[in-house]
Each structure stands twice: as structure tokens, then as C-alpha cells.
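Here the structure comes first, spelled out in C-alpha cells, and everything after it is commentary.
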Number of protein chains: 2
Amino acid sequence: MLSEGVILEEKEISQAVIGRLPRYFRYLGELKDEGVERISSQDLSELMKVTASQIRQDLNNFGGFGQQGYGYNVEYLYHEIGKILGLDRQHNFIIIGAGNLGRALGNYINFEKRGFIFRGMFDENPALIGSRIRGVKVMPMNEIEHFIRENDIDIAVLAIPKSGAVAVAEKLVRTGIHAIWNFAHVDLNVPEGIQVENVHLSDSLMKLSYNIRKAAPNGE
Amino acid sequence: MLSEGVILEEKEISQAVIGRLPRYFRYLGELKDEGVERISSQDLSELMKVTASQIRQDLNNFGGFGQQGYGYNVEYLYHEIGKILGLDRQHNFIIIGAGNLGRALGNYINFEKRGFIFRGMFDENPALIGSRIRGVKVMPMNEIEHFIRENDIDIAVLAIPKSGAVAVAEKLVRTGIHAIWNFAHVDLNVPEGIQVENVHLSDSLMKLSYNIRKAAPNGE
């Protein structure tokens, strides 16, 4: 991994703020693509439908990039947030599980634009081994450890069912992987220093179901 | 939709608490399947790796289900949380987009176990129309509105690229859909009363990238 810059004097930032940064990054990227050079926190607030005060508070966590009476420089802020998010580094990732979800993730070319490079795919189903997703070969599970070490892989994407996920995660930990992006519907207990980000789709669907019930308590 | 019970005297509950309920539901379901009848907040706390005080606070939002010296009745709490999450109702859903992601979502049989029934799939690609995912037919986009009205559909899953998502969401709103589960990487502006739950995969990956950078600031 290469880092082009070091963030100085970083405070402890809450996960809630960090969770909102990608959204700022997305909106600023769109503004940049539209040729917008600067934006006030008020205008950004209307666009993103969050309060201007929330925007100022969030961005102040990083020293604040705005200037009174000028607003935010879109391109500068976009790049700074990108750096904070670690997007100035290249990340090599593998996907474990070559089912529909794994293939969908392997086909997301947008990940590549952000520096996440899809390097390898693994599955235990012999029928899938040797097939290719965007030129990337599906390999047998027993080659994972060797492949991670030889190819400077820092992220493993777990796109397999819950039943096998814990054992695979333990194996990944032994290879020295830095991060797991976990789509299996189970919580992984990994040692400190290994980053896990969960995408629990069922949980998200249940949250939607809660909000449907709440909006129409009697099921009309 | 059918509701088997009405939740009485419900307070306004923060989205943070609601976001945690599916996880309680998942752990309680596993305990139930293992034949565990009751559990103390202390034991649940160790299992879930959250503080016992957080568990008590979260569950107190719903009147609290625990009894001093007894703990929680697993089966009762599981069913009560299920009701709160609206899982005692049946939800019919359609998927828009028959690509890898759409097909992955259509193949999740776990959704069905929770009362989310996969009814129809739509795509604009003529080559996909007529094919089937678990017996469910892929139909052309111009049949969406009629299908929603005729089949009591309450959730539409958007598994299409960002470019078409806003227009499709507007169309869905006109059909009277209750909820959109949005996988397109764009924020949808829908009228009040329509529930949207976003799964922004790129945002989740960026959060992971942030945590990798933070754990190894100089990119070792």
C-alpha cells in the first residue's frame, strides 16, 4: 500500500461521523464533476438534506475546510475527505464465494475507481473453479493463504453463507489480512487490529419492515 | 398485510436503537434454536459483546421484558422483538434489476423465513425477460405498475445502477408502494410516508478503508 499523505493531528472521531463521510465524498464528487468550484454549508445542507450546523460540526472534526464568506472549495474538500477515507492508497481485495453476491461485487467497476482492485476469487464448488469474473480467476479455497501472501491482499470480502464464515474468517486472520468486508449473517470475532465491516442485509430489511409497521400500525 | 398484534403505548424510539433490534432478534433466534429458555442480561451481554446496561436500556424502550433475578425469557423476547420489527406480517416484494445483485437477493431464502415473499422481478434487458429466479419470472419494466397493484406488493428492491434509479423510484411512488430497499448509489427523495432503507455498498467499503488507514497510518 502506498500513502501519498499523512493526516496530521487527528482526533478520535466517532464512528457516526465516519459513517457520514462517504456521503459527503459522494456529493462533493458529483459537484466536482458538474464543475462546481465552491459551495456554502447552507447550499450543501439543502442538497444533502442535513442541517448546515451538522455539516460544519462534522467537517470541523478534521480541522474544518471552510472559510467564512467563501464556503467550501469543492475539489480541495473532496480530495481531503478522500485522503481521510484512505482512498489515496490502493487496496487489493479478494472475494470469497463465487455465487451471485460474490459475482455482483466482483463486477462493481466503481470500486476500482476508488482504488479497490479486485485480484482474486475463491470458492469451494469445483464447478466454478477456473471460471472468470472480469478476467479474475475463481480459485480453490486451499489456495487462499498463499494467494494473500503473494499478492499483497489487504481486504477479503466474505460472500459466503453464515455456516462457513467463522472458519474462513479464522483462516484469513492467520494469513495476516488487514480487513474483512463481511456479508455473512454472523458476527466475526477477530483479534484487535483487524478491521471488520459488516453488511447484514437481513438486518437492513428488518429495519425497513419496522418502519413500514410504524407508518401503518394496523397494516393498511 | 396481516398484523397479528398491535404494539401498545409505543414511544418514539431512536433509529440507533431500531438499528440494533435485528441483532437482538438474530441472537435470540439462535438461542431459541439451541433450546435456551432464559438468559440474563449479563450472559446476553457477553454473547453479543455489548454492555448489559446497553441491553437493558435498549429493551426498556419497549417496556422491558426482563424480570429481576430471572433474566429474559428467550422465546417470549424473540417473538416480541419480531412483532416490533413487523415480522408477524407478510411482506410481498419485487426486485427491479435482474443482474447479479438482483439475482443474489432473489435467491436469499432466509428472507422468506422472516415473512418477506419474493413475487416478481423486472428488468429492461430483453434477453433476461422470461427467465426465472426460484420460479419467479423476470418481466419487462412497463409491467411494474400493474403488477404492484394486482399483487399487493409493499416493498420494491432497487438493484439497478444509479443512473436509472431516481426515475424508477418516482414511478414506484406513483404506484403507491410502501417501501423501497435501495441498493442504487444515490439518495432517493420520496414523499413522507414512503419508507426508504439504503444499502450503499461503496459507503461501507470506504468506512472499512478509513479504519484500515487509521490502524496503519503509514500504510505498512
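The values are calculated or read from the model by the stated rules, or taken from the named source; none is laboratory data. Not measured: the values here are computed from a predicted model. Here Cβ is always computed from backbone atoms with ideal geometry, including for glycine, and neighbour counts include all displayed protein chains. In case anyone asks, the SASA skips ligands and DNA or RNA and just uses the protein heavy atoms, side chains included. Shrake-Rupley method; radii C 1.70, N 1.55, O 1.52, S 1.80 Å.
At-a-glance table
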quantity	calculated
DSSP-defined antiparallel bridges as percent of all bridges, the range A:91-203, nearest 5	10
Rounded to 5, percent antiparallel among DSSP beta bridges of chain B	20
Shielded by partner chains, the range A:74-102 residues - at least 20 Å² of accessible area, 1.4 Å probe, vs chain alone	A:84, A:85, A:89, A:91, A:100, A:101
Taking N as its residue count, the alpha carbon Rg of chain B over 2.2 N^0.38 Å	1.19
Relative contact order %, chain B, counting alpha carbon pairs below 8 Å whose residues are six or more apart	14
Within the range B:16-58, trypsin sites (Lys or Arg not before Pro) in DSSP loop having at most 12 other beta-carbon neighbours inside 10 Å	B:49
Among A:161, A:121, A:14 - extreme Cα towards positive end, dipole of chain A, charges at beta-carbon	A:161
DSSP beta bridge pairing in the protein assembly as shown, given as percent antiparallel to the nearest 5	20
Heavy atoms of residue B:137: accessible area, 1.4 Å probe, square angstrom to 10	90
Candidates B:183, B:25, B:122: whichever shows maximal mean-square fluctuation once chain B is modelled as a Gaussian network with Cα springs under 10 Å	B:25
Residue-normalised accessible area of the range A:70-220, expressed per residue, 1.4 Å probe, Å²	41
Accessible area buried, both sides summed, chains A and B with 1.4 Å probe, Å²	6400
Mean projection area, nm², convex hull over Cα of the range B:91-203	6.7
Student exercise, the range B:91-203 dipole from Lys, Arg, Asp, Glu Cβ charges, in Debye to nearest 20	440
Chain B - percent of accessible surface contributed by carbon and sulfur, probe 1.4 Å	46
The range A:113-200: GluC sites (Glu not before Pro) in DSSP loop, at most 12 other beta carbons within 10 Å	A:192
Assigned charges on the beta-carbon of Lys, Arg, Asp, Glu; the protein assembly as shown dipole about Cα centre (debye)	580
Cα gyration tensor shape for the protein assembly as shown, rounded if a/c is under 1.5, else prolate or oblate	rounded
With all protein chains modelled, accessible area of residue A:146 [1.4 Å, Å²]	120
Rounded to whole Hz, the Karplus (6.51, -1.76, 1.60) HN-Hα couplings of the range B:97-108, x for glycine and proline	x, 9, x, 4, 5, x, 5, 4, 5, x, 8, 6
Accessible area (Å², 1.4 Å probe, nearest 10) - residue B:80	40
Shape call, the range B:15-84: gyration tensor on alpha carbons, a/c limit 1.5	rounded
Relative contact order (percent, whole number), the range A:91-203, Cα cutoff 8 Å, 6+ residue spacing	24
